[in-house]
Amino acid sequence: MSTQEPQKSLLGSLNSNATSHLGLATNQSEPWCLYVSIPDGLFLSLGLVSLVENVLVVIAITKNRNLHSPMYYFICCLALSDLMVSVSIMLETTIILLLEAGVLVARVALVQQLDNLIDVLICGSMVSSLCFLGIIAIDRYISIFYALRYHSIVTLPRARRAVVGIWMVSIVSSTLFITYYKHTAVLLCLVTFFLAMLALMAILYTHMFMRARQHAQGIAQLHKRLRSIHQGFCLKGAATLTILLGIFFLCWGPFFLHLLLIVLCPQHPTCSCIFKNFNLFLLFIVLSSTVDPLIYAFRSQELRMTLKEVLLCSW
């Protein structure tokens, strides 16, 4: 499946002939088209970094029984989803490189089936990643606004059912997506799903930030001398919120914009120019799977301590 024809395929073969430069693709229909060429080595390098990070997260949570709580289950599942994203894209890139180099020889039908299977894995892991990002936001929201009832609301059985449900929905939706990718309704459903996750995270995290700010204001009123600390907290909280939502939007937004433009303007020269950067949009998603452990996992002191023990024991 070629990335040069995004209206025919959404998760086609990665562009293995790309080189690491920024240039202007010019032709008669697209005289000013901006095209970012992505080298395959960059996909493989980022994928490898993501692979190592997320494997370490899974190992640390599995090893430490104190981390066997719903919150860390969700973080572990997010790491598994990001792991699948990286491994799937690395696998597809490697297969394309081997085929073009003549090292791997296979029939066209077999290559097509393998490509479809990898596409299902990529799409399924993307859907599950978005779902777990949303459920982590919900979990944190409940822990703040319903702190006294948190352990009765977010129980291990409910967390397990939520995890199983998300994986099942991801598998079914990704299979339908690859099977019916030509249908406009499928693309619109995916775009709507992304916008819903974005709105959910924006609303919940903004509400959490406002509650934390009100709490800090109350403390500052009791202790006037802590006013500077309160201001510093607000700035830090706003920066954290901006980084969290900004990374989510910047990493996932371009891919879903790509899907939306397939529906709105598949033949327009400007949209065709954007379609040429499909590999760049996939790279952003791999980048997201690299950043997620830094935001959601490695900020936990206990997880870092467990990870340190694991690394020291391995030596």
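The heavy atoms of GLU92 offer some 10 square angstrom of accessible surface to a 1.4 angstrom probe. So if the hydrodynamic radius of region 49-169 is defined as the Kirkwood radius over C-alpha pairs, what does Stokes-Einstein give as its diffusion coefficient at 20 °C and 1.002 mPa s, in µm² per second? For the chosen part, D equals 132 µm²/s.
I want the local charge near SER289. Using Cβ-Cβ distances under 12 Å, sum +1 for each Lys or Arg and -1 for each Asp or Glu among the other residues.
-3
In this structure, ARG161 and ARG213 have a Cβ-Cβ separation that, at R0 = 30 Å, corresponds to a calculated FRET efficiency of about 0.30. In this structure region 42-197 gives 50 Å² per residue of accessible area when probed at 1.4 Å with all protein chains present. Spin-label model, LEU97 to THR175: label points 7 Å out along the Cα-to-beta-carbon direction sit 3.2 nm apart.
Using the beta-carbon distance between TYR150 and LYS63 and R0 = 30 Å, what value does 1/(1 + (r/R0)^6) give for FRET efficiency, to the nearest 0.05? According to the calculation, E is roughly 0.75. Neighbours of HIS207, meaning other residues whose beta-carbon lies under 12 angstrom from its beta-carbon, give a summed charge of +3 when Lys and Arg score +1 and Asp and Glu score -1. Against the empirical 2.2 N^0.38 Å (N residues), region 256-315 has a Cα radius of gyration ratio of 1.89.
The values are calculated or read from the model by the stated rules, or taken from the named source; none is laboratory data. If you're wondering where the values come from, they're calculated on a predicted model, not measured in any experiment. Positions of Cβ are backbone-derived with ideal geometry, glycine not excepted, and every protein chain shown enters the neighbour counts. Note: accessible area is taken over every heavy atom of the protein model, side chains too, but ligands, DNA and RNA are not part of it. Shrake-Rupley method; radii C 1.70, N 1.55, O 1.52, S 1.80 Å.
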